[in-house]
Amino acid sequence: MNAKEYLQETRQLWDKKYEQEPEFLQVLHEFVDSVEPVFEEHPEYIEANLLQILAIPERIIEFRVPWMDDQGKARVNTAFRVQFNSAIGPYKGGLRFHPTVNKSILKFLGFEQIFKNSLTGLPIGGGKGGSDFDPKGKSDQEIMRFCQSFMTELQKYIGPDMDVPAGDIGVGAREVGYLYGQYKRLNGFQNGVITGKPLTYGGSLARTQATGYGAVYFLNNMLAAKGEAIEGKRIMISGAGNVAIYAAEKAQELGATVLTVSDSNGYIVDEEGIDIDLLKDVKENRRERIKVYAEERPSASYYEGVVWDHAIDVDVAMPCATQNEVKKPGAEQAVKNGVKYVSEGANMPLDKAATDTLLEAGVFVGPAKAANAGGVAVSALEMSQNSQRLSWTFDEVDQKLQDIMDNIYQQATSAAEKYTNDPYNLIAGANIAGFSKVAQAMLSQGLV
Ligand code: GLU
């Protein structure tokens with residue numbers, strides 16, 4: 001069977017098998033469209049049925065999380081840990097607490113994580129987990145009780161050399177603290193079991209900033225490849241969580257102006273550029289909606305709806321909210337707005353039609369698994385520091401992060417050049433470079 005036939009057979013199999021898992025199917029298609037030339041070069045991967053094996057997680061743990069709310073009512077949520085691939089290291093990836101969480105979403109995130117983690121050059125496999133618990137509007141006590149119940153079950157399946165969770169949407173330093181506290185109560189001190197910890201017991205400096213900063217460092221590489229620089233650029237950012245905040249901070253520190261941020265109700269436009277201290281205060285300290293920012297900042301206006309529908313003159317877009325947030329009309333608006341560069345802070349923020357629209361218009365797209373790998377890269381550096389019982393300075397970690405992002409860009413652009421003759425096809429380049437290492441590792445370990 002040649003590569004074309006094998007990939008075609010595999011696509012058909014997946015279309016039937018994952019009809020009920022649309023996000024997972026979407027990511028499989030995006031991936032398989034890129035890797036055909038690798039299978040042409042390596043018939044032994046076809047022989048080993050590598051693609052079909054790769055698409056099935058090594059294991060998925062599904063469990064219930066019962067917890068008591070502040071009114072004394074018993075509540076319950078569904079939770080999962082997808083241990084997708086351990087060919088190059090222990091499962092590694094975040095936990096998401098959001099009402100939309102289901103198996104399809106965690107499988108798509110876990111699959112992306114395999115190649116993202118491979119691109120970092122660090123020894124980490126791919127995993128993801130979470131629950132359909134909605135942290136919005138919950139008290140601190142409710143969050144703590146939920147995290148304790150969640151970890152009481154999850155702790156059976158994780159460990160510093162086995163599976164190392166971290167944060168994602170809805171899981172930040174507060175939740176990581178409660179989760180780790182419960183782990184420690186049951187297993188003793190082993191802080192390498194989770195990353196994104198507060199600094200006082202093994203958290204890494206620059207981990208909070210890492211995903212957002214990393215996405216800007218990646219953007220810098222994209223700009224440099226076209227002979228441009230970030231200084232003076234006008235940037236549109238979506239989201240107002242950890243990734244958006246620190247992408248905005250770094251972009252402005254480097255001389256760009258960030259004009260927008262958003263949440264699920266609406267967005268703000270600030271012609272003077274985002275006031276980062278106010279944004280952090282509203283989101284991180286007060287845990288308020290983004291509307292409050294506009295109420296306290298004269299140069300900002302609040303709009304209900306989706307930021308991607310807004311007409312505004314910009315050069316760069318950084319989607320940092322969530323999967324499939326940009327659809328075809330949003331991508332068309334971005335092109336009209338003058339967007340020439342997209343660096344993806346969120347995971348799979350563009351649906352297929354949006355990606356095609358941008359590429360057809362000649363927009364240079366930096367895909368999530370490359371552009372947002374800075375977060376998990378610094379998580380892996382946190383694991384190293386925990387093993388060594390050392391903590392590195394902010395500048396040391398930030399410098400390593402910059403080197404890792406530059407290296408990811410290099411890997412993606414050379415794979416793109418080699419396999420597609422187009423050094424700017426970073427979507428294919430990132431998939432191929434991430435996959436090549438995992439494929440070699442899997443093959444050399446035999447049929448497992
Ligand atoms: N949730 C982040 C991601 O999507 C970080 C995962 C981690 O630090 O393990 O990559």
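The values are calculated or read from the model by the stated rules, or taken from the named source; none is laboratory data. For clarity, every value in this text was computed on a predicted model and none was experimentally measured. Cβ placement follows ideal geometry from the backbone for every residue including glycine, while neighbour counts extend to all protein chains displayed.
A few notes on this one:
- Within segment 41-87, the set of residues being aliphatic (A, V, I, L, M) and surrounded by fewer than 20 Cβ atoms within 10 Å (Cβ to Cβ) comprises Ile46, Ala48, Ile53, Ile56, Ile60, Ile61, Met68, Ala74, Val76.
- Within the set Asp69, Asp15, Asp33, the sole residue that is touching an Asp or Glu at 6+ places or on another chain (Cβ under 7 Å) and not basic (Lys, Arg) turns out to be Asp69.
- Some residue of segment 420-429 being within 16 Å of the ligand (Cβ to nearest atom) and either within 25 Å of Gly110 (Cα to Cα) or among the aliphatic types (A, V, I, L, M) (or both): no
- With respect to (1) touching a helix residue (DSSP H, G or I) at 6+ places or on another chain (Cβ under 8 Å); (2) under 21 Å from Arg174 (Cα atoms); (3) of a type in the set (A, V, I, L, M, F, W, C); (4) surrounded by fewer than 24 Cβ atoms within 10 Å (Cβ to Cβ), the lone exception for Leu199 is condition (1).
- Of the set (1) more than 16 Å from the ligand (Cβ to nearest atom); (2) hydroxyl-bearing (Ser, Thr, Tyr); (3) crowded, with 22+ Cβ neighbours inside 10 Å, all apply to Ser379 but (1).
- Index of the failed condition, Asp163 passing every other in (1) more than 13 Å from the ligand (Cβ to nearest atom); (2) among the charged types (D, E, K, R); (3) closer than 27 Å to Arg389 by Cα: (1)
- Matching residues in segment 184-218 - criterion: being in a helix (DSSP H, G or I) and within 25 Å of Pro319 (Cα to Cα): Arg207, Thr208, Gln209, Ala210, Thr211, Gly212, Tyr213, Gly214, Ala215, Val216, Tyr217, Phe218
- Filter pass, Ala74 being away from the ligand (no atom under 16 Å from the Cβ), without any contact (Cβ under 8 Å) to a residue 12 or more places away in the chain and either closer than 28 Å to Leu381 by Cα or more than 19 Å from the chain's Cα centre (by Cα) (or both): yes
- Residue in segment 16-24 that is surrounded by 17 or more Cβ atoms within 10 Å (Cβ to Cβ), among the acidic types (Asp, Glu) and either within 16 Å of the ligand (Cβ to nearest atom) or at pLDDT 95 or above (or both) present: yes
- Lys250 being under 27 Å from Asn407 (Cβ atoms), in contact with a strand residue (DSSP E or B) (Cβ under 8 Å, 6 or more places away or on another chain) and of a type in the set (D, E, K, R): no
- Among (1) under 29 Å from Glu228 (Cβ atoms); (2) surrounded by 15 or more Cβ atoms within 10 Å (Cβ to Cβ) - the single one Val282 does not satisfy: (1)
- Scan segment 415-440 for residues that are buried (at least 17 other Cβ atoms within 10 Å of the Cβ), out of contact with any Lys or Arg (no Cβ under 7 Å at 6 or more places or on another chain) and either among the aliphatic types (A, V, I, L, M) or not in a helix (DSSP H, G or I) (or both) and the total you get is 11.
- Residue among Lys107, Lys128, Lys103 that is near the ligand (Cβ under 10 Å from one of its atoms), at negative phi and of a type in the set (D, E, K, R): Lys128
- Unmet requirement for Val216, which otherwise passes all of (1) of a type in the set (A, V, I, L, M); (2) within 14 Å of the ligand (Cβ to nearest atom); (3) touching a Lys or Arg at 6+ places or on another chain (Cβ under 6 Å): (2)
- Pair list, Cβ under 7 Å, 6 or more apart: segment 11-31 residue closer than 18 Å to Ala353 by Cα, other residue hydroxyl-bearing (Ser, Thr, Tyr) and part of a helix (DSSP H, G or I): Pro22/Ser104; Glu23/Ser104; Phe24/Ser104
- Residues that are under 24 Å from the mean Cα position of the chain (by Cα) and of a type in the set (Gly, Ala, Ser) were ranked within segment 244-293; the one that is nearest to Val314 (Cα to Cα) is Ala256.
- Check on Ile235, hydrophobic (A, V, I, L, M, F, W, C), crowded, with 20+ Cβ neighbours inside 10 Å and touching a Leu at 6+ places or on another chain (Cβ under 6 Å): no
- Selection within segment 377-404 - among the polar types (S, T, N, Q) and within 18 Å of the chain's Cα centre (by Cα): Ser379, Gln402
- Test: residue in segment 125-133 that is of a type in the set (Lys, Arg), touching a helix residue (DSSP H, G or I) at 6+ places or on another chain (Cβ under 9 Å) and free of Cβ contacts under 8 Å to residues at least 60 places away in the same chain: yes
Results for (1) charged (D, E, K, R); (2) out of contact with any helix residue (DSSP H, G or I) (no Cβ under 8 Å at 6 or more places or on another chain); (3) under 23 Å from Asn425 (Cα atoms), shown as yes or no for each residue.
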residue: Ala3; (1), (2), (3): no, no, yes
residue: Leu13; (1), (2), (3): no, no, no
residue: Lys16; (1), (2), (3): yes, yes, no
residue: Glu19; (1), (2), (3): yes, no, no
residue: Glu23; (1), (2), (3): yes, no, yes
residue: Leu28; (1), (2), (3): no, no, yes
residue: Phe31; (1), (2), (3): no, no, yes
residue: Glu36; (1), (2), (3): yes, no, yes
residue: Pro43; (1), (2), (3): no, no, no
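- At least 2 residues being touching a Gly at 6+ places or on another chain (Cβ under 6 Å) is the threshold, and among the strands (runs of 3 or more DSSP E) wholly inside segment 1-116 those reaching it are 74-85, 95-97.
- Criterion (acidic (Asp, Glu) and over 22 Å from Gly126 (Cβ atoms)) met by exactly one of Glu344, Glu332: Glu332
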